[in-house]
Every structure is written in structure tokens, then in C-alpha cells.
Amino acid sequence: MSTNQNNLSSTERIKMASDGLRGTLKESLHDELTGAIREDDQALVKFHGMYQQDDRDRREERSAKKLEWLYSYMLRLRLPGGFMTGEQYVGLHNIAGEHSTGVIKITTRQTIQLHGILKSHVKPTIKAFNTILIDSISACGDVNRNVACASHPKFSPIHEEIFSYAAKISKLGLPKTKAYYEIWLDEKPLLDPKEKEEVEKDPLYQDRYLPRKFKIGIAIPPNNDVDVFTNDLGLIAIVENNKLIGFNIAAGGGLGTTHGNAATYPRLASMLGFVRGEEQTLKAVLEVITVQRDYGNRSDRKLSRLKYTIDKMGVEAFKAELEKRCGFKLEEPKPYTFTSRKDDYGWHKNHEGKWYYTVFIENGRIADEKVALKTALLEVAKTGKANFRFTSNQGLIISDIAQKDKKAIEKILNDFGIIAHTDNAGAMRKSAIACVAFNTCSLALAEAQRYLPSLITKVEPILAKYGLQDEEISMRMTGCPNGCGRPYAAEIGFIGTAYGRYNLHLGGDREGFRLNKKYKENIDEPAILKELDELFERYSKNRNSGETFGDFAVREKLVTF
């Protein structure tokens with residue numbers, strides 16, 4: 001077991017003293033003298049699916065006027081596999097307009113975030129989502145978070161079966177406490193201590209929960225759109241004779257680091273073995289979580305993810321402990337192939353004859369900005385003829401459209417310019433990812449989603465100059481080293497160091513098997529454009545046939561491993 005239980009971090013003590021994640025959240029909500037909640041509650045509210053934030057663009061102005069910072073809340077939904085019905089999407093649209101900034105933000109874990117929710121609006125927002133059968137339980141916090149899953153049903157006849165695993169695993173990883181229902185939905189609390197103890201007894205999380213957040217992704221080869229190896233636990237579907245027989249499981253992925261702390265690092269998951277059938281799969285998932293619960297670092301949160309637990313134990317020792325808890329041996333991993341990890345834009349048809357349209361949504365921001373995207377999607381949802389599937393690349397698939405309904409959906413998309421918008425977006429822009437960063441993320445050191453689109457606009461002429469405009473080079477940007485936009489797993493990664501400055505990383509691969517390495521440190525935009533100009537010229541002249549930019553950077557030893 002972990003040896004640091006006598007040196008617990010303050011967050012660990014808050015969790016254990018929280019009365020099942022209740023803390024003093026009810027009292028915080030009723031305090032009308034501040035837009036914030038109490039300090040300990042700021043740790044607990046994450047387990048309910050939200051973060052306290054403030055508008056960092058207005059900090060200086062408000063401080064000068066001796067006003068409290070403009071606090072608000074980001075709410076993240078629990079959507080296993082990223083699925084939402086058209087009716088639910090209409091509800092989402094209305095809730096976003098009534099309670100948040102109005103922008104619907106697709107995350108890199110196939111779910112939705114709403115920003116700018118004032119404290120007095122948090123409870124009405126959660127209640128409104130409850131009416132459309134959506135919750136935010138465990139979307140944040142030291143628990144199993146939203147389970148990501150291969151998003152496009154056209155890729156495999158087993159997609160629906162795989163998608164069902166996301167829901168089962170999500171349910172498996174839910175806390176047993178009824179705090180969410182009492183605080184936000186006004187359910188009556190259990191007054192009998194014995195009844196409460198029995199109902200809320202939690203064999204998985206106990207009263208400690210996990211040392212840190214825990215992420216699970218499920219991939220269906222040959223597309224690794226979930227970036228499966230960047231997850232704490234990755235499941236790779238193995239199909240034989242058109243039937244799902246089980247999963248290769250990999251553990252220990254995670255991308256968050258801390259500038260200046262050499263003990264922190266990004267890591268891809270290590271392959272552990274193969275599990276056969278649903279019973280073995282769910283048991284293995286559960287016990288990977290329990291090993292992390294019992295062995296993870298609870299004194300230093302910077303070293304508390306599963307990747308550090310595995311590296312401290314050793315992969316073989318971790319696997320042995322997992323097999324001991326499972327009561328069965330893992331089989332040798334089965335062969336599989338990944339050929340890409342991108343979203344396939346435009347129209348596609350699956351094995352059932354249903355149609356799907358993947359929309360380009362830059363950095364996952366659904367708003368009426370360059371094009372009336374938000375309005376168009378509402379009109380699609382209102383037809384009742386389509387569902388919505390969010391992707392791990394911050395994209396959206398308008399899905400499950402019957403042949404007879406395709407023309408009606410297509411007309412809406414054409415009328416609002418959505419198809420033209422998608423078709424006209426450049427190859428690099430379509431594959432780019434950025435985290436939220438400023439103005440709401442408290443960790444941000446630099447811009448990301450507000451800056452990357454304009455940077456790509458300046459990079460595109462450089463690509464065209466060297467005949468590279470159709471190359472799907474992956475570029476990802478985050479405002480800090482926490483890794484929410486998976487920049488370390490890109491061919492070109494930008495990690496914010498200070499406002500307007502970034503570390504430039506090169507050498508990730510196209511399929512998700514290799515992380516990149518730092519190439520240049522703390523550079524501004526003129527230096528970024530100069531470096532990319534030189535790199536793209538060199539790539540255009542010296543690349544091998546079919547060689548990706550990331551592979552070229554490694555072969556040319558632009559970065560070393």
C-alpha cells in the first residue's frame with residue numbers, strides 16, 4: 001500500500017472530512033455576500049462537475065475598484081461516449097443561453113462545458129439538466145471522469161456494443177454518496193445514520209476517493225480518435241470474425257506536467273495484456289482503479305496520477321497486483337493496428353444505412369461567430385431526426401440520420417453555410433486542438449483557444465508556400481503544462497510559459513504511439529513563425545515519400561528520444 005498516508009495533502013483531508021462530498025456547499029450557496037464558495041468547498045464542488053473560476057480579463061479592473069473578482073462556475077456534463085439526443089441538445093442550447101455565456105464548449109473528453117454560470121444560477125442549471133436526464137456527477141474531481149469512446153459509428157459494426165461499455169464503466173465509477181441529489185436537486189437527506197451508512201457505503205472510493213483524476217478511453221482500431229494511450233486506462237477493442245472478443249488494456253497514460261519540476265512528465269500508457277468478455281473487462285477496470293486508490297501518492301498531488309504509481313511500482317509489479325485482485329491472469333495482448341486518430345469530416349454512411357455528418361467546430365466552440373453554427377445545430381436538433389455525438393477531437397457528429405431524412409438535414413446545413421464552412425477549413429486547422437485557457441482557467445499562463453485560430457491563419461500561407469497545405473499535420477496548444485489539449489501527443493505542440501510565449505515541441509506521431517519532445521523554449525509569435533517556416537521548408541525538401549512531419553522530425557533528429 002501507499003506509504004504516505006501519514007503525510008496527506010490538504011485536499012485529502014478535505015475529502016475525508018467532507019461527509020460524502022457535502023462539506024458546507026449548502027451554506028456556501030446561500031452566502032449572498034460573495035460570488036465565491038468557501039475554500040474547502042472549492043475542492044469538493046469539482047466532484048459535482050464544476051470548477052470555481054473568475055474572469056481573468058477583468059481582475060485588474062475590479063481590483064482597482066476594490067471589487068471582488070468576478071467569480072463564476074464552469075459546469076461539465078457526464079456524457080459517456082459523448083452521446084446526446086436531439087431533444088437533449090435543444091435543452092442544452094436553451095440552458096446555455098439562460099444560465100451561461102451562451103457558448104457551448106466541446107471538451108477533449110467528448111463532453112460539454114458551460115462557462116460563466118453565476119453562483120445563484122448553478123442550482124437552476126443543474127436542475128434544468130436533470131429534466132433532460134443529464135447530470136454532471138464525477139465530471140471533475142478525484143474520481144473516474146467522463147469515459148471517452150470511439151465516436152463514429154461508421155468505423156465498425158460493433159460501435160454500439162463498444163459505446164455501451166462506456167456507459168457501463170461510467171456507472172461502475174460513480175460515487176455512492178447522495179450529496180449531488182441533496183444539494184442540487186433538493187432530495188431529502190437520509191436522516192437515519194445507519195440507513196445513510198448502508199446506502200452510501202462505497203467499496204470503490206471508500207471515504208478517500210482517488211488520489212487524483214482518473215481517465216478512461218475506449219478505442220476501436222484502426223482509428224485512435226480517443227488518443228487511447230494518453231488515458232490512465234485505455235481499452236483497445238479486439239474484433240475477430242466481426243465479433244468483439246475483448247480488449248487489450250493499457251494503463252498509466254497522462255500528460256500533465258509542471259514547469260520546472262523534473263519529477264513530473266507526460267507518459268503514454270503501458271500495455272498490460274488482454275481481457276476476454278464483459279465480466280473480465282469490467283473486473284479489470286474496477287481493479288486498476290482500486291490499485292491506484294490504494295497505492296497512489298496522496299501527499300503530493302503533482303505526483304499522484306496513475307502514471308507515477310506505475311513507474312514507482314514497476315509495470316510488472318503493478319500487473320501482478322492487478323491480477324491478484326482480479327483473480328485471473330491477463331492474456332498476451334492481441335495484435336491490432338492504428339492508422340489515424342482524426343475526425344472524418346463530411347457525410348458518411350454506416351453498416352445500417354444510417355447517415356452521419358461530421359461538422360468542423362474550431363477548438364470545440366459552438367457559437368454564432370464566423371458562421372451561424374449554434375443556430376444551425378439548434379435547427380437540426382429541433383427536427384428530431386438526428387442525434388449528436390461529440391468527439392475527443394472537440395468535434396461533433398450529427399448522427400443516426402435515416403436515409404429519408406438526410407435531405408432535410410443537409411438543407412439546414414447548407415442554408416446556414418455549415419457544409420461550406422467545413423469543406424473550406426484547411427487540413428491543419430481541422431486537426432488542431434486547443435484548451436480553454438484564458439480568460440477563465442486559473443492555471444493558464446498563456447492563451448490557447450483564443451489564439452490558436454489566428455496563429456494557424458498566419459501559418460497557412462507558410463504551408464502553402466512549400467506545397468504542404470493539404471498535410472494533416474497535428475498542431476495542439478495549451479495555456480499551461482497541464483496538458484488538457486493533449487499537446488505532448490501532437491506532431492507540433494505549444495505549451496504556454498507566459499503570456500504570448502510557448503515552448504515548441506516536435507516529433508509526435510500521427511497514430512498516437514509516440515510523444516513529442518521540446519524543441520525550442522519560451523518563444524513568442526515572430527520566433528514561432530520563423531521556426532515553422534524553416535522547419536516546413538526543410539520538411540518539403542527532405543521528407544521521404546508519405547513521411548509525416550512528426551516522423552520526419554524524429555528521423556532528422558530535430559528532437560532526440
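The values are calculated or read from the model by the stated rules, or taken from the named source; none is laboratory data. Because the structure is predicted, anything quoted here is derived from the model rather than measured. Here Cβ is always computed from backbone atoms with ideal geometry, including for glycine, and neighbour counts include all displayed protein chains.
If you go through the stretch 160-175 and keep only what is touching a Leu at 6+ places or on another chain (Cβ under 8 Å) and part of a loop (DSSP other than H, G, I, E, B), you end up with Gly173, Pro175. Kindly provide the set of residues from the stretch 260-280 that are assigned to a helix (DSSP H, G or I) and either out of contact with any Lys or Arg (no Cβ under 9 Å at 6 or more places or on another chain) or not assigned by TED's automatic domain parsing to the domain that holds Leu244 (or both), ordered by number. Once the filter is applied, which keeps residues that are assigned to a helix (DSSP H, G or I) and either out of contact with any Lys or Arg (no Cβ under 9 Å at 6 or more places or on another chain) or not assigned by TED's automatic domain parsing to the domain that holds Leu244 (or both), the stretch 260-280 yields Gly277, Glu279, Gln280. Taking the stretch 65-159 as the region of interest, none of the strands (runs of 3 or more DSSP E) fully inside it holds 3 or more residues being more than 21 Å from the chain's Cα centre (by Cα). Surrounded by fewer than 22 Cβ atoms within 10 Å (Cβ to Cβ) and of a type in the set (Lys, Arg): is that true of Lys119 in this structure? Yes: the conditions hold for Lys119. Considering the stretch 474-526, the residues that are of a type in the set (Val, Ile, Thr) and surrounded by 23 or more Cβ atoms within 10 Å (Cβ to Cβ) include one that is farthest from the chain's Cα centre (by Cα), namely Ile492.
Quick grid of which residues meet (1) more than 27 Å from Leu70 (Cα to Cα); (2) part of a helix (DSSP H, G or I); (3) without any contact (Cβ under 8 Å) to a residue 24 or more places away in the chain:
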{"residue": "Thr422", "(1), (2), (3)": "yes, yes, no"}
{"residue": "Ala437", "(1), (2), (3)": "no, no, no"}
{"residue": "Leu445", "(1), (2), (3)": "no, no, no"}
{"residue": "Leu468", "(1), (2), (3)": "yes, no, no"}
{"residue": "Asn482", "(1), (2), (3)": "no, no, no"}
{"residue": "Tyr488", "(1), (2), (3)": "yes, yes, no"}
{"residue": "Gly508", "(1), (2), (3)": "yes, no, no"}
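Hey, could you check the stretch 491-506 for residues that are assigned to a loop (DSSP other than H, G, I, E, B) and either touching an Asp or Glu at 6+ places or on another chain (Cβ under 7 Å) or touching a residue at least 60 places away in the same chain (Cβ under 8 Å) (or both) and say which is farthest from Val228 (Cα to Cα)? Selected residue: Gly500.
The residues on offer are Lys46, Lys26, and the sole one that is assigned by TED's automatic domain parsing to the domain that holds Gln113, surrounded by 17 or more Cβ atoms within 10 Å (Cβ to Cβ), out of contact with any Asp or Glu (no Cβ under 7 Å at 6 or more places or on another chain) and not in a loop (DSSP other than H, G, I, E, B) is Lys46.
Does the stretch 24-39 contain at least one residue that is of a type in the set (A, V, I, L, M, F, W, C) and closer than 20 Å to Ser299 by Cα? No, the stretch 24-39 contains no residue that is of a type in the set (A, V, I, L, M, F, W, C) and closer than 20 Å to Ser299 by Cα. From the list Val315, Val371, the lone residue that is within 30 Å of Gly91 (Cβ to Cβ) and aliphatic (A, V, I, L, M) is Val371.
In the stretch 53-74, is there at least one residue being assigned by TED's automatic domain parsing to the domain that holds Arg212 and either touching a Pro at 6+ places or on another chain (Cβ under 7 Å) or closer than 22 Å to Lys176 by Cα (or both)? For the stretch 53-74, residues assigned by TED's automatic domain parsing to the domain that holds Arg212 and either touching a Pro at 6+ places or on another chain (Cβ under 7 Å) or closer than 22 Å to Lys176 by Cα (or both): absent.
A quick yes/no check of all residues on (1) closer than 16 Å to Thr290 by Cβ; (2) polar (S, T, N, Q); (3) surrounded by fewer than 22 Cβ atoms within 10 Å (Cβ to Cβ):
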site	(1), (2), (3)
Glu161	no, no, yes
Ile169	yes, no, no
Lys178	no, no, yes
Glu187	no, no, yes
Asp225	no, no, no
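Scan the stretch 282-321 for residues that are more than 18 Å from Tyr209 (Cβ to Cβ), buried (at least 20 other Cβ atoms within 10 Å of the Cβ), touching a helix residue (DSSP H, G or I) at 6+ places or on another chain (Cβ under 7 Å) and touching a residue at least 60 places away in the same chain (Cβ under 8 Å) and jot them down. The one that is more than 18 Å from Tyr209 (Cβ to Cβ), buried (at least 20 other Cβ atoms within 10 Å of the Cβ), touching a helix residue (DSSP H, G or I) at 6+ places or on another chain (Cβ under 7 Å) and touching a residue at least 60 places away in the same chain (Cβ under 8 Å): Phe318.
So, Asn522, is that one assigned to a loop (DSSP other than H, G, I, E, B) and outside the structural domain of Met271 (by TED's automatic domain parsing) or not? When the stated conditions are applied, Asn522 does not pass them. Per the listing Lys201, Lys188, Lys176, Lys196, the residue uniquely within 30 Å of Ala237 (Cβ to Cβ) and of a type in the set (Lys, Arg) is Lys176.
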